[in-house]
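Inspection log for the structure reproduced underneath, given as structure tokens.
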Amino acid sequence: MFGITVLVSGGGTNLQAIIDSIADGELKSAEVFIKKVISNNKDAYALERAKNAGIKGEVVSPKDYPDRGAFEHALKDAIDESAPDLIVLAGFLVVIPKEIVASYPQKIINIHPSLIPSFCGKGYYGLKVHEAALSRGVKVTGATVHFVDEGTDTGPIILQKAVNVEENDTPEILQQRVMKEAEHIILPHAIALLAK
Ligand code: GAR
């Protein structure tokens, strides 16, 4: 068995892709299970998805702590308590503190909605990535799964998948296509590869 802890901030479609693959996909044969879901946002729909799947959800919000240091300490405690084999950032929009990166070398992965090194780094997250891709006029974009190091989106790349940009795309339409055709496929696949 290979236990993962999944960190989320929003809608949780990538979390759902993992849950579905554990139920009836390659994560089932890789004997992967989710130990805990942690959200920095108490209103994240991802928490609802965890609850519906019978998975423990925990909120660690910066709003509940006096300063950044206290929040980061609580986040590390919440992760440590689950003793994960792998930490998966599935739309987690908090920069992972150095102490956590140092404690889990090669054991934290992130999904990013572009072909790194394009449209990544500080300020590039969620819809902003797709807005930037459209305004630059690229014809191909995609998604990347990479290990997390001390930089922002700088760690070693594990998997990438390309997605075509279509003529009348809006950031929202492009985001949906990148999720469906790339993110929801390569994130479970990367976890399966690491589990095996
Ligand atoms: C996803 O597109 C993910 O790649 C992105 O946030 C979205 C979360 O969606 N992550 C980043 O931009 C990280 N820099 P989800 O909550 O539906 O999985």
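Remarks
- Largest-first ordering by accessible area, 1.4 Å probe, given options Lys76, Lys36: Lys76, Lys36
- Sequence of Arg49, Arg68 from largest to smallest accessible area, 1.4 Å probe: Arg68, Arg49
- In order through region 124-137: 3J(HN,Hα) via Karplus (6.51 cos²θ - 1.76 cosθ + 1.60), integer Hz, x for Gly, Pro: 9, 8, x, 4, 4, 5, 6, 4, 5, 5, 5, 6, 7, x
- The alpha-carbon atoms of region 1-50, seen along their principal axes, cover 32, 16, 12 angstrom, with the largest extent given first.
- Shape box of region 1-154 [Cα atoms, principal axes, largest first, Å]: 43, 42, 30
- Between 0 and 90°, nearest 10: helix 68-82 axis offset from the chain longest Cα axis: 80
- When the Cα convex hull of region 86-147 is projected onto planes of every orientation, the mean area is 4.2 nm².
- Radius of gyration (Cα atoms) of region 147-195, expressed as a multiple of 2.2 N^0.38 Å: 1.36.
- Rg(Cα)/(2.2 N^0.38 Å) for region 65-196, N = residue count: 1.11
- Distant-in-sequence amide contacts of Ile108, defined by a placed amide H-H separation under 5 Å and a gap of 5 or more residues or a different chain, comprise Ile87, Val148.
- Relative contact order of region 16-90, defined on C-alpha pairs under 8 angstrom at six or more residues apart (%): 24
- Partners of Lys36 within straight-line reach, counting aspartates and glutamates whose Cα lies under 17 Å from its Cα and excluding those fewer than 8 residues away in the same chain: Asp20, Glu48, Glu58, Asp77, Asp80, Glu81, Asp85.
- Computed label-point distance, nm, for sites Glu31 and Asn164 using a 7 Å Cα→Cβ extension: 4.2
- The listed residues Val140, Val165 rank as Val140, Val165 when sorted by accessible area, largest first, using a 1.4 Å probe.
- Sorted peptide list for 171-184, 114-127, criterion being average Cβ within 10 angstrom, highest first: 171-184, 114-127
- Relative to the current alpha-carbon distance between Glu81 and Lys98, full extension at 0.36 nm per residue lengthens the span by 4.3 nm.
- Angle between the chain longest axis and helix 184-195 axis [Cα atoms, degrees, rounded to 10]: 50
The values are calculated or read from the model by the stated rules, or taken from the named source; none is laboratory data. Note that this is a predicted model, so its numbers are computed, not measured. Quick reminder, even Gly has a Cβ in these numbers, built from the backbone with ideal geometry, and neighbours come from all protein chains shown. Side chains included, ligands, DNA and RNA excluded: accessible areas come from the protein's heavy atoms. Shrake-Rupley method; radii C 1.70, N 1.55, O 1.52, S 1.80 Å.
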